[in-house]
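Remarks on the structure that follows.
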Amino acid sequence: MLGLENITRSVQTNDYIIIDGSAGVVIVCPDPEVRKRYEDKKRLYEEAQDDLLDYAKLPAVTKDNYSVEIGGNIEFIEEIPSAIAHGADGIGLYRTEFIYINRKQLPDEEDHLAHYRSVVGVEGLSWSTIRTFDLGGDKFFPNAKTSRELNPQLGLRGIRFSLKEVELFKVQLRAILRASDRGKLRIMFPMISGIEEILEAKRIFCEAKNELLKRGMAVGNDIEIGVMIEVPSAVIVAEELAKEVDFFSIGTNDLIQYVLAIDRINERVTYLYEPLHPAVLSLIKQVVDIGHKAGIRVAMCGEMAGDPTYTMILLGLEIDELSMNPLAIPRVKKIIRGSTLKESKTLLNKVMTLSSSSEIRALVEATMQKRFPEEFQVNGQ
Ligand code: PEP
Ligand code: MG
């Protein structure tokens, strides 16, 4: 196969392989979560329309002048040109665990640095948000440091794993700090469930910084620190968390999974996975209100942010930044530019009085079909 070097030595008959031609990556035997993510990407790719690309370069501003920042979610640095071409203002989520994928050796500080220098200070991006690795169980690990877990979604993943493997964590943190002299960098921690975890992550971050200063290396002073809000307990203690960080980023993929107790990759319960569940909307609203009261920015980087069905609802909630798969950006911009904040708030207020997901979905879908008939065609039309 052209350009795939020694791939044939790494695969065996019947292996499941993802070939992502746009990012130039091949993933051999992906875990179910990665597989699911690529199925979504494939769908978006098929749905993407060239005529929507006109919206990519236009600002995400409503008709009554309310503006939203738009981020691109990336897994590989090769996706950066696509994020810029599709209209991202910055990178809202860089899933750095993908640096560990398909490797024989763990990445060292220089490996990490090379990745972060490709994403920070890039022309065309105003900021970049690096999420520390959301590794867990034996995900992506050549020499598994932990044993297989029966319930990995509730196991040693995300920040829990980083705080257990401090040296591994510091390798990444030092590289992030070293990349910060290139441009505006935001760092965020995944799977924070309470105040101790953010305090400990920040303490280790300071230690990593001091290690670099001792080496005589320059580090930027204006790195913003954020937490992902994706565990329901983080919403409950959000007031305390807000005192410790510069921004929140709502990870709806996990937040929905944990609050509704639905395994996000189990197809048998997909029918219950409902972003418009009143409990989900109420949690999101709490996070935005608490964040804004505390004077910090609130972003959303879960899949919900990139689905145009929810755009008016998210506008009504006044989320400051929506970060999504780059291919989804033009359509979401089109909806934002065709809406007003006023009508979005009216829709949200109505939705917040309804008690069932089905009523909410019916109202939201009917509203979107009426407002944007060409984007939301009714079946059979
Ligand atoms: C999320 O949980 O919404 C999120 C953005 O993180 P990931 O999908 O990588 O778990
Ligand atoms: Mg998550």
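Remarks
- With Cα atoms, 0 to 90° folded angle of helix 357-371 axis to the chain main axis: 70 degrees
- Over 26 Å [Cα-Cα, the chain], rounded percent: 52 percent
- Heavy-atom surface analysis with a 1.4 Å probe gives the chain a carbon and sulfur content of 50 percent of its accessible area.
- Reach of K333 by Cα under 20 Å, taken over lysines that are not fewer than 8 positions away in the same chain: K41, K57, K63, K342, K345, K370
- Rule-of-thumb Rg ratio for the range 183-277 [Cα; 2.2 N^0.38 Å; N residues]: 1.34
- Nearby lysines by direct alpha-carbon distance to K214 (threshold 27 angstrom, same-chain neighbours under 8 apart not counted): K164, K170, K184, K202
- Rolling a 1.4 Å probe over the heavy atoms of the protein chains gives the chain an accessible area of 46 Å² per residue.
- The heavy atoms of H277 offer some 60 square angstrom of accessible surface to a 1.4 angstrom probe.
- Aspartates and glutamates with Cα under 16 Å of K334, excluding same-chain neighbours fewer than 8 positions away: E47, D50, D51, D54, D64, E69, D89, D307, E321, E343, E374, E375
- The accessible-area ordering, largest first, of the residues R131, R264 stands as R264, R131, per a 1.4 angstrom probe.
- Among the protein heavy atoms, those of Y258 account for about 40 Å² of accessible surface (1.4 Å probe, every chain in place).
- Exposure of D111 as accessible area (Å², to 10), given a probe of 1.4 Å and all protein chains: 50 Å²
- Annotation for the range 282-304 versus the range 82-115: alpha-carbon center distance of 25 Å.
The values are calculated or read from the model by the stated rules, or taken from the named source; none is laboratory data. Keep in mind that this is a model prediction, so the values were computed, not measured. Protein only, heavy atoms only, side chains kept; ligands, DNA and RNA dropped before computing areas. Shrake-Rupley method; radii C 1.70, N 1.55, O 1.52, S 1.80 Å.
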